[in-house]
Each structure stands twice: as C-alpha cells, then as structure tokens.
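Structure record follows, encoded as structure tokens.
FYI, it's all coordinate maths here, none of it is from the lab. Since the structure is predicted, the reported quantities are computational estimates derived from the model, not experimental observations. Positions of Cβ are backbone-derived with ideal geometry, glycine not excepted, and every protein chain shown enters the neighbour counts.
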Amino acid sequence: MTVPAAPDPREPRGPSDAGAPVDPTLPTTHPVRRTLRFGAGPEWSLSQLGAAAAGMGGVALYLAGLSVAAGGFDAIWWALVLVPLLTLSWAGSAAPLALWALLLLGWFVLTPAGSFSWWSLPAALGAVGAHAAAALAASSPPAGSFTRRTVRRWVRHAAVAAAAAVPVALLAGALSARPLGLVPAAYVLGLGGVAVGLWLLRTSPPTTPG
C-alpha cells in the first residue's frame, strides 16, 4: 500500500486552498520596510533619514563655502550641521526657514562688507539641496518612503533653482566690481526673490500626478 507524500507547504496553493491558513514561518514576497526608533519617539524610515543626511550635507557645503569666503569663522558654526537631523520631526514647520535665515545672516556678518566670492555658488547649491530635502521630508510621515518619481521631480526642481544661481552670481560679480551703489539694493532684491521662491515652493510643492 502506497502512502501519498504530504504536500510541500512552500509550493503554490490551488484554488481549493484559497482559504487555508498560511504558515507564518514561510518567507513572503512582501518587502520589509526597515525603520529606526530613537528613544521613545516615532519610527523613522531610511528614506526620511536619507533626507536628513542630505540636509546635513547641504548645510556642510554652505558652511564650507562661507568658511573660505570669510577667511574662517568660529568652530561653533559647524554645530549647525546637526540641526537638520535634530529637527527632523519639525521638517514641515518654520524650523528649516529659521535655520537658513541664521545661515544667510551669518554670510553677511562674517564676510567682508561689499565683497563678492565665487564660493557663494557652492554655498547656494548647499542651500537649495538642504531646503529641498526638508520640504521632501515634510511630504511623508516619519515611517513613510518616497517614490522614485517623486524624488526625480524634486531633483529636477532643485536643479532648476541651482542653475538660476549662476546668472545671479555673474550679475553680483559684475555689480561688485563697479562703484554704482547698487550692491545693497541687489542684496535686498535677491533676498526678496529667495523669500518669494520659498513661499511658492511651500504653497505649491512638486507632487507626483495621480
């Protein structure tokens, strides 16, 4: 008498087994989203931590440009690199704007009055990248992730903003070499343009079409 072999639970089930219980010890095809928890706070996805790392990199790039343009500054300024990580849960608030208001003020305070440095270009790239990372982080819950399409859209918008820094730097360099008395006005207009651009970006962020 031949005894039929027991079915392998790893083999695909037929229609008649649709309601049969599934062995929880077997591997599934669903991806596992990895998260990290710091203390008693919420869980953070690797995408959110990556956005925080990008924000820290942007601040570091800005401070590096500022250090060269100003001929050095107090080491306490480098502590601001940690702010994007420490304020990760406040990405959708005014905290990133307050950070960059302080950093922009530091540029005017620490650099020689009326001077122009081409190191402002990499500093502008750092500012654009860090702000875009903070805005992207605010578009998802702490444990959420970003789709590739959404990341690509944000990268394109950030690239356009970074490219706009080149003609602005050329204009600022031309004005700084001429005693026209227009440099303070250019600063005011430039900061006003930055403020309007940030307001538009926050009220109409690049979203993925449905």
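In nm, give the distance between the simple-model label positions of Arg149 and Ser89, each being 7 Å from the Cα along the Cα-to-Cβ direction. Distance between label points: 3.3 nm. By definition, a body whose alpha carbon gyration tensor gives a ≥ b ≥ c is prolate when a/c is 1.5 or more and a/b is larger than b/c, and the range 68-139 fits this prolate description.
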